[in-house]
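Below is one structure, written out as structure tokens; comments come after it.
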Amino acid sequence: MPKRKTLNVALIGQGFMGRTHSNAWAQVSKFFDPPLKPAMHTVCGQVGESPDFADNWGWANWSTNWRKVIRSDEIDIVDIATPNYLHAPMAQAAIKAAKVVCCEKPLAGTLSDARKMAASAKNTGVKTFVWYNYRRCPAVAFAHKLVRRGKVGRIRHVRAFYLQDWADESVPLAWRFQKRWAGSGAHGDLNAHIVDMMRFVTGEQITEICGAIAETFIKRRKRMIGAAAGGIAAGLKSSRKTGKVTVDDTVLFLARFSGGAVGSFEAARQATGNQNRNGFEINGTKGAIRFNFERMNELEYYDATTDRAVQGWTTIICTHAPDHPYVDAWWPDAHPIGYEHGFVNMAYDVLRSVAGKKPTVEIPDFADAYQTQRVLEAALISGTKRRTVKLSAVR
Ligand code: SOE
């Protein structure tokens with residue numbers, strides 16, 4: 001455990017997640033009172049990216065040499081916010097340097113990388129965390145607590161979906177559409193979130209995949225001009241030339257849970273009309289809950305134990321402290337919070353965990369995120385082989 005009361009953070013990545021993480025490290029001590037304070041020490045970008053990012057977000061230093069930054073004795077926490085193919089080399093270097101390691105989701109682009117990352121973390125005892133940020137929406141954290149309190153009863157059905165519609169023909173061949181950089185498409189990007197979220201909310205494990213479909217609707221996309229390896233930086237222009245998309249645009253699969261429930265999972269990037277519909281519905285013997293991130297402050301609850309004459313869905317605005325997690329750090333009742341707050345909530349729980357204190361709700365470490373990665377892999381095997389796949393057979 002780092003000795004300092006102030007932990008020096010090195011962030012690697014200046015894209016979308018570089019922004020959400022920068023905001024989280026900048027805001028966490030303003031809204032929470034973490035037992036250890038983060039100092040925004042260094043941000044690493046790619047050669048060709050702008051160092052202005054560091055000034056804009058309040059990072060004291062900027063570098064393009066992530067290996068050197070990770071090895072620096074001045075750094076306590078390494079935060080990886082890069083495309084999936086870089087998670088493993090960066091995390092392994094950070095574990096070797098005995099740093100605290102935070103890594104964006106999915107843990108890795110491949111099960112093999114994820115397995116090695118989890119093994120290194122286990123063998124060294126280094127503290128690791130994975131940014132499955134949706135666990136830290138107050139409504140999702142509260143859903144987790146309602147299930148723990150038995151308000152839903154024994155779970156019979158889990159219906160999870162993460163539907164977007166941004167990836168139309170106009171979007172060029174970025175890293176997210178190429179297997180060598182991303183590992184998979186909507187599956188590792190979006191099913192990763194809902195698999196983690198359903199394991200978290202139900203408290204159960206997925207034991208079997210009973211069929212899956214993967215489809216790529218847009219087979220070729222315009223290449224990006226001047227794209228660095230992985231074509232990462234946002235805003236790159238696209239050329240006339242096209243390249244083959246080598247990952248899925250959508251994956252759907254059916255699953256069994258350890259408590260006996262059955263479930264469906266659907267991830268899609270061209271589900272027209274769903275801009276960021278990350279959600280679920282869980283049906284149990286005593287009631288049901290449902291969530292849609294597009295209305296992220298609300299959780300719907302159905303109490304099946306009341307008089308049938310008055311049963312109906314209740315919409316709970318999850319902004320009431322202390323009943324709803326995290327909200328005492330933010331605003332009064334019915335003053336909604338947003339997407340970025342989940343990341344600030346996570347930074348708080350990372351700092352609590354590093355200080356040896358309990359997080360507000362469980363945080364996935366590499367070992368936990370590896371379980372999610374096994375489910376993703378099992379679904380891909382089921383889709384390819386067109387058969388049922390037991391999780392016990394996927395390591
Ligand atoms: C793109 O699908 C994306 O940015 C995901 O990568 C994030 O994890 C999700 O929170 C929003 O959409």
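Before moving on, here are some points about what is shown:
- Which listed residue, of T128, T110, T124, is more than 25 Å from G356 (Cβ to Cβ) and of a type in the set (S, T, N, Q): T110
- Filter result (within 16 Å of the ligand (Cβ to nearest atom) and not aromatic (F, W, Y)) within the range 84-96: N84, L86, H87
- Residues considered: A81, A94, A54, A121. Of these, the only one that is open to solvent by less than 30 Å² (accessible area, probe 1.4 Å), over 18 Å from A39 (Cα atoms) and of a type in the set (A, V, I, L, M, F, W, C) is A121.
- Among residues of the range 195-224 being closer than 28 Å to L391 by Cβ and within 16 Å of the ligand (Cβ to nearest atom), the one that is most open to solvent (accessible area, probe 1.4 Å) is T216.
- Looking across the range 161-194 at every residue that is aliphatic (A, V, I, L, M) and within 17 Å of the chain's Cα centre (by Cα), the one that is nearest to the ligand (Cβ to nearest atom) is identified as L190.
- Search result, residues across the range 97-118 that are farther than 17 Å from G188 by Cα and either within 16 Å of the ligand (Cβ to nearest atom) or open to solvent by 40 Å² or more (accessible area, probe 1.4 Å) (or both): A98, C102, K116
- Considering G13, G45, G58, the condition of being on the phi > 0 side of the Ramachandran plot and more than 16 Å from the ligand (Cβ to nearest atom) is satisfied by G58 alone.
- Failed criterion for H324 (all others in (1) surrounded by fewer than 17 Cβ atoms within 10 Å (Cβ to Cβ); (2) outside any strand (DSSP E or B) hold): (1)
The values are calculated or read from the model by the stated rules, or taken from the named source; none is laboratory data. Just so it is clear, the model here is predicted, and its values are computed rather than measured. Note: ideal-geometry Cβ built from the backbone for every residue, glycine included; neighbour counts use all protein chains shown. The area values use the complete protein model at the heavy-atom level, side chains included, leaving out ligands, DNA and RNA. Shrake-Rupley method; radii C 1.70, N 1.55, O 1.52, S 1.80 Å.
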